[in-house]
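Okay, so here's the structure we're looking at.
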Amino acid sequence: MKKTAILASMAAAFLFTACTDSNTATENTTAVTTETTVSTEGEAYALDPAASQLTWNGKKVGGEHSGNISLQGGELLVADDQVVGGEFTIDMASITNTDIEDAKYNSDLVGHLKSDDFFGVEQHPTANFKINSISPIADAAAGQPNYNVSGDLTIKGKTNPVTFPATINVENGTATAKADVIVDRAKYDVRYGSKSFFDDLGDKVIDDNFTVSLDIKATK
């Protein structure tokens with residue numbers, strides 16, 4: 001199983017894209033039954049980048065793009081068979097696109113995402129997410145998000161809080177986490193084509209929100 005609450009764009013922002021649809025994503029909010037747990041103690045489970053996956057999706061008027069991005073490393077902290085904290089690093093230079101078949105167009109888009117218009121990968125080769133709190137969701141159905149996760153996401157040297165529901169499990173020395181994290185790229189100075197910074201973009205406007213989907217696995 002995979003996943004931690006992170007986030008992300010990883011366009012990580014997280015990433016994402018010089019292109020996509022004008023639908024603006026909204027954050028999920030879910031009631032919890034107990035006080036938020038914050039912990040810096042616990043047994044470290046090492047993130048397995050090869051067994052983990054992080055994908056991105058961005059929208060603009062008239063279209064959208066998606067792709068992959070690699071996790072560089074990190075850990076989840078586990079106490080009493082529950083994830084109580086953690087942190088991980090995202091390799092921004094690993095951004096790829098998976099929906100454009102034309103090789104040149106694909107390469108041009110990825111290059112643009114790596115440029116200063118978006119994630120400025122040369123100056124900011126990594127992004128980071130650190131968990132600050134995890135709260136169980138009341139009466140979570142099997143297979144559905146069972147925790148709300150809050151933490152600090154750093155992209156292009158700028159840090160902002162993010163909160164999202166996640167499905168987290170710990171079993172037999174393995175911790176997994178899955179989540180969809182909505183990132184407002186405007187907060188990270190990822191401003192190309194953003195209506196938050198320009199008033200005359202017309203149909204070229206790119207949605208400020210992009211989604212990073214996490215599927216993470218960590219082991220003892």
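The values are calculated or read from the model by the stated rules, or taken from the named source; none is laboratory data. Keep in mind that what you see is a predicted model, and the values were worked out from it rather than measured. In this analysis, Cβ positions are derived from the backbone assuming ideal geometry, glycine residues included, and neighbour counts consider all displayed protein chains. Calculation scope for accessible area: heavy atoms of the full protein, side chains included, ligands and nucleic acids excluded. Shrake-Rupley method; radii C 1.70, N 1.55, O 1.52, S 1.80 Å.
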Query raised in the report: What is the percent of Cα-Cα separations in region 43-219 that go past 19 Å?
Result: 59 percent
**Report entry** Cα-derived Rg to Rh of region 48-109, Kirkwood definition
**Finding:** 1.14
Query raised in the report: Structure shown: which of LYS104/LYS156; LYS59/LYS220; LYS156/LYS178 lie over 31 Å apart, alpha-carbon to alpha-carbon?
Result: LYS59/LYS220
Query - Qualifying trypsin sites (Lys or Arg not before Pro) for region 52-125 [loop in DSSP, other Cβ within 10 Å: at most 15] - result: none
Query raised in the report: Name the residues of region 53-84 whose amide N is less than 14 Å from a point 7 angstrom out from the Cα of THR96 along the C-beta direction?
Result: 53-56, 66-71
Report summary line: Using a 1.4 Å probe on heavy atoms of the protein chains only, the accessible area for THR55 in Å², nearest 10, reads 40 Å²
Requested in this report: Give me the number: length gained by fully extending ASP116 to GLU43, i.e. 0.36 nm times residue separation minus the C-alpha to C-alpha distance, one decimal in nm.
Outcome: 22.4 nm
Query raised in the report: With every protein chain left in place, what is the accessible area per residue of region 43-219 in square angstrom, probe 1.4 Å?
Result: 46 Å²
Query raised in the report: Residue by residue, what Karplus-based ³J(HN,Hα) values in Hz, rounded to whole numbers, does region 156-165 have, using 6.51, -1.76 and 1.60 with θ = phi - 60° and x for Gly and Pro?
Result: 6, x, 10, 10, 9, x, 9, 9, 7, x
